[in-house]
1. Residue pairs, Cβ under 9 Å, 6 or more apart or interchain, first in segment 65-91 and more than 10 Å from the ligand (Cβ to nearest atom), second modelled with pLDDT of 95 or more and assigned to a helix (DSSP H, G or I). List them.
2. Tell me, please, whether a residue that is of a type in the set (Gly, Ala, Ser) and touching a Lys or Arg at 6+ places or on another chain (Cβ under 8 Å) can be found in segment 32-52.
3. For Ser94, are the conditions met, namely being more than 24 Å from Thr118 (Cα to Cα), loosely packed, with under 12 Cβ neighbours inside 10 Å and near the ligand (Cβ under 10 Å from one of its atoms)?
4. For Thr144, indicate whether it is surrounded by 12 or more Cβ atoms within 10 Å (Cβ to Cβ), β-branched (Val, Ile, Thr) and closer than 18 Å to Ala55 by Cβ.
5. Can you name the residue in segment 97-108 that is assigned to a strand (DSSP E or B) and without any contact (Cβ under 8 Å) to a residue 40 or more places away in the chain and is also surrounded by the most Cβ atoms within 10 Å (Cβ to Cβ) among such residues?
6. So, in segment 1-53, how many residues would count as being among the aliphatic types (A, V, I, L, M) and either near the ligand (Cβ under 9 Å from one of its atoms) or assigned to a loop (DSSP other than H, G, I, E, B) (or both)?
7. Which ones in segment 109-153 are closer than 16 Å to Phe37 by Cα and not in a strand (DSSP E or B)?
8. Cβ-Cβ distance below 7 Å, separation of 6 or more or different chains: which pairs start in segment 32-51 with a residue that is within 27 Å of Tyr93 (Cβ to Cβ) and end on one that is of a type in the set (Lys, Arg) and within 13 Å of the ligand (Cβ to nearest atom)?
Amino acid sequence: MMDDHQFRTAMSKFATGVTVIAAEHDGHIHGMTANAFMSVSLDPKLILISIGHHAKMRKMIESSGTFSVNVLSREQKDTSMLFAGQKQATHPYSFNTFANLPIVQESLVSLACTVHNTHREGDHTLFVGNVYNLLINDHAEPLTFYNGHYKNLQFEGV
Ligand code: FAD
């Protein structure tokens, strides 16, 4: 049998990028670091994020019906730590605005999404987002997360 620790360790062996999800409701903007992100469909253009049921972000997205996904660059480790609660903010973060949504400036990619579907699965909620606009920054490299640690990878063809 496996325990929670073994399951977490197994999942941590899947190297990922790092995103910050941002949503606005009632004039308040909330950000949260997430690596449970995937592309789902090209037609229509759908992505998926998985948010812990007890995270504030879940209620924010349910209330607003929209969110942005910001893929972080290797220069944005502090931003990831800020929105994961690993580092305390001294002042409210200054978000940019794109397609009527808050976004994290200087990200590799920002996706503007409306909620297409929601699934409660175990202790997480899966939000399928319909991507209605996007920004791409071709001049940066990704922040990555592996085995519970941030990594700067060397990108070489194999
Ligand atoms: P909080 O914990 O209250 O907020 C998160 C942090 O963001 C707080 O420190 C808060 O001060 C700060 N913050 C939010 N908005 C602002 C603002 N406007 N100005 C300044 N600071 C602000 N959890 C998941 O559910 N799914 C995932 O896919 C996932 N992936 C992760 C990947 C990584 C690499 C890491 C490190 C963590 C991941 N987590 C994930 C955990 C998640 O990021 C934390 O549990 C997070 O604290 C939950 O956020 P919350 O919405 O409950 O709000």
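1. From segment 65-91, the pairs are Phe67/Met57; Phe67/Met60; Phe67/Ile61; Asn70/Gln76; Asn70/Thr79.
2. Yes, the conditions are met somewhere in segment 32-52.
3. So Ser94 passes the test.
4. Judged against the criteria, Thr144 is not a match.
5. Phe98
6. Total satisfying the criteria: 14.
7. Listed by number, the list holds a single entry, Leu143.
8. Going by the 7 Å Cβ cut-off, the qualifying pairs are Ile51/Arg58.
The values are calculated or read from the model by the stated rules, or taken from the named source; none is laboratory data. Keep in mind the model is a prediction, meaning the values are calculated, not measured. Using ideal geometry, Cβ is built from the backbone for each residue, glycine included, and neighbour counts are taken over all protein chains shown.
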